[in-house]
Amino acid sequence: MSKKNIVVLAGDGIGPEITSAAVNVLKKTAEAFGHEFTFDYKLLGGCAIDKFGVPLPDETVTACKASDGVLLGAVGGPKWDGMPADLRPEKGLLGIRKALGLFANLRPAVIYPELAAASPLKEEVLARGVNVMVVRELIGGIYFGPRGTKDDGKTAYDTEIYSENEVRRIAKVAFDLARGRRKKVTSVDKANVLLSSRLWRRVVEEVHKDYPDVELNHIYVDNAAMQLVRDPSQFDVLLCPNMFGDILSDEASQITGSIGLLPSSSLGTEKAGLFEPIHGSAPDIAGKDVANPVATILAAAMLLDNMGLNAEARAVERAVSEFISEGWRTPDLGEGKRVGCAEAGRLIAGRVHA
Ligand code: IPM
Ligand code: MG
C-alpha cells in the first residue's frame, strides 16, 4: 500500500473535464490496488491569471515541488490571447517546466490498429508499424535563450542556445529509453546551418560511446519532417532540441490518427514529474462533454509508472485498450458507440482491475 500526493493542474478549456475523467481512473486504481492517493488542485494558465493575475502562482510551484507527481490538463484559450507575452497562459506552462527542472519530455506516438482508419497515412505505410518516441529537450534552446526587441520594437529576436551539459543529459535519456525499445536513436538537428546544432551533434556522438549497443543516426529537421510521413516505421527514438521536438511531436501525433489519444511525460531534476496529454485546451469544445479523455488517462498511467506503480499503470493501459476495442468512440475518433468525456472516464475506470 502506498500513499501518494498528486497535484492536479486542470487548467483551461477542456482541461477540467479531461483531468476529472483521469482522476476518476486514478481513484479506481488506488481502490483496486489498495493505495491511498490524495489530489491537490492548483491553478495554472488562464484560470490562474483570472484569480491571481499571473499564469503561475507561487503556491502552485510549491505544491508541485512537494508532490509525488503532477497531472496537467491543458492551458490557454482565446480569452487570454490579448495578454502581454509575459502574462499569457503558456508562460505558466513554460514556467512550471523550468521550476521543476523538467528537461526531458517524452512523447510516444503509437497506432491503435482499430483506429488506423483515422490516420491520414496510407494503409500500406502504416502496415510497417508506427511506434515512435519523441524525446524532446524541454527547458533549453530557443524557448529560453536570450530574446528581445530593438529599433523601438521594429526588430525582434530569440536565440537558439545549448550547452554541452544540457545536450548530454537529454541524450542519455534518449539512449537509455532506446535500450528498452528497438535500440535506435535518430538525433534531429540542423547542423548544416546552425552552430548550436553542431555542438548538439558532437555531444550526442560523445554520449553514444557509452551505448555501443544502440544505433545512432543524425537527421536534419527538414528531412525528419518529410521522413515521418513517408515512412514512420524507420524511427524508434527521435531525439530533438526543444523547438524541433515541439514541431515534430505534433506531426508524429497526427500520423497516429488522433491527437486525443497521446500522453506525454516530462521528467527532470526533482522527484515530481509532470504528465499531460499532448493536445491543447480545445476551447471550441470546452464544457460540451465531448472531449477525448484517453490521452490524459494514459498520462495518468505514465504518472503511475513514474511513482513506481508499474502493475497499476499496466492495468490502466489495459482498461483503455478494452474500452477502444469494445468500440467506444468520442466524436474525434469517428464512427462507433458514441460516448462523452465523463462517461468515457467512468467506462475506463470500471475496467481497471488489480
Ligand atoms: C507543447 C505546446 C507548448 C510548447 C506551448 C503551449 C507553450 O505546444 O507542449 O507542445 O510549445 O511547448
Ligand atoms: Mg506543441
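Coordinate-derived values only; no laboratory data. Keep in mind it's a predicted model, so treat the numbers as computed, not measured. For neighbour counting, all protein chains shown are included, and Cβ atoms are generated from backbone atoms with ideal geometry for every residue, glycine included.
Treat each spin label as a single point 7 Å out from the Cα along the C-beta direction, and report the MET1 to ARG230 distance in nm.
Rounded to a tenth, the inter-label distance reads 5.8 nm.
Using a simple charge model, +1 on the beta-carbon of Lys and Arg, -1 on the beta-carbon of Asp and Glu, nothing else, what dipole does the range 75-191 show about its Cα centre, in debye to the nearest 20? Walk me through the numbers on the way to the answer.
On the way: 21 positive and 15 negative charges, 100 e Å.
For this selection, approximately 480 debye.
By how many nm would the segment from LYS154 to ALA342 grow when fully extended, if each residue of separation counts as 0.36 nm and the alpha-carbon distance is taken off? It would help to have the intermediate numbers written out before the result.
On the way: separation 188, 0.36 × 188 = 67.68 nm, distance 4.80 nm.
This chain segment gains 62.9 nm when fully extended.
Please label the shape of the range 1-141 as rounded, prolate or oblate, based on the square roots a ≥ b ≥ c of the eigenvalues of the alpha-carbon gyration tensor (a/c under 1.5 means rounded; beyond that, a/b larger than b/c means prolate, else oblate). Present the calculation step by step, with values, prior to reporting the outcome.
Details: a/c = 1.86, a/b = 1.26, b/c = 1.48.
Because a/c hits 1.5 or more and a/b fails to exceed b/c, the range 1-141 counts as oblate.
Rounded to the nearest 5, what % of the DSSP beta bridges within the chain are antiparallel ones? All intermediate terms of the calculation are to be shown ahead of the outcome.
Details: 18 of 46 bridges.
Antiparallel bridges make up about 40 percent of those DSSP assigns within the chain.
Classify the range 251-354 as rounded, prolate or oblate from the Cα gyration tensor: take a ≥ b ≥ c as the square roots of its eigenvalues, call it rounded if a/c is under 1.5, otherwise prolate when a/b beats b/c and oblate if not. Don't skip to the end; give the middle numbers.
Values: a/c = 1.91, a/b = 1.29, b/c = 1.48.
Here the range 251-354 falls in the oblate category.
Please work out whether the range 205-272 counts as rounded, prolate or oblate from its C-alpha gyration tensor, where a ≥ b ≥ c are the square roots of the eigenvalues and a/c under 1.5 means rounded, while otherwise a/b larger than b/c means prolate and anything else oblate? Don't skip to the answer; put the middle values down first.
Working: a/c = 1.91, a/b = 1.14, b/c = 1.68.
Since a/c reaches 1.5 but b/c is at least a/b, the shape of the range 205-272 is classed as oblate.
At 222 nm, what helix-only mean residue ellipticity would the chain give, in deg cm²/dmol to the nearest 500, using -39500 (n - 2.57) for each DSSP H run of four or more?
On the way: 12 runs with 143 residues, N = 354.
Calculated at 222 nm, the ellipticity per residue is -12500 deg cm²/dmol.
So how strong a dipole does the chain carry about its Cα centre when Lys and Arg Cβ are +1 and Asp and Glu Cβ are -1, to the nearest 20 debye?
Working: 42 positive and 47 negative charges, 98 e Å.
Rounded to the nearest 20 debye, it is 480 debye.
Rounded to whole Å and sorted largest first, what semi-axes of the equivalent ellipsoid does the C-alpha gyration tensor of the chain yield via the square root of 5 times each eigenvalue? Mind showing how you got there, number by number?
Numbers: eigenvalues 180, 133, 85 Å².
Working through the eigenvalues yields semi-axes of 30, 26, 21 Å.
For the chain, what relative contact order do you get, as a whole percent, if you take Cα pairs closer than 8 Å and at least 6 residues apart? Display every interim value, and only then the final one.
Numbers: 788 pairs, mean separation 83.3, N = 354.
That works out to 24 percent.
Using the Cα centre as the reference, give the magnitude of the dipole from point charges on the C-beta atoms of the range 164-290 (Lys, Arg: +1; Asp, Glu: -1; all else neutral), rounded to the nearest 20 debye.
I would put it at about 380 debye.
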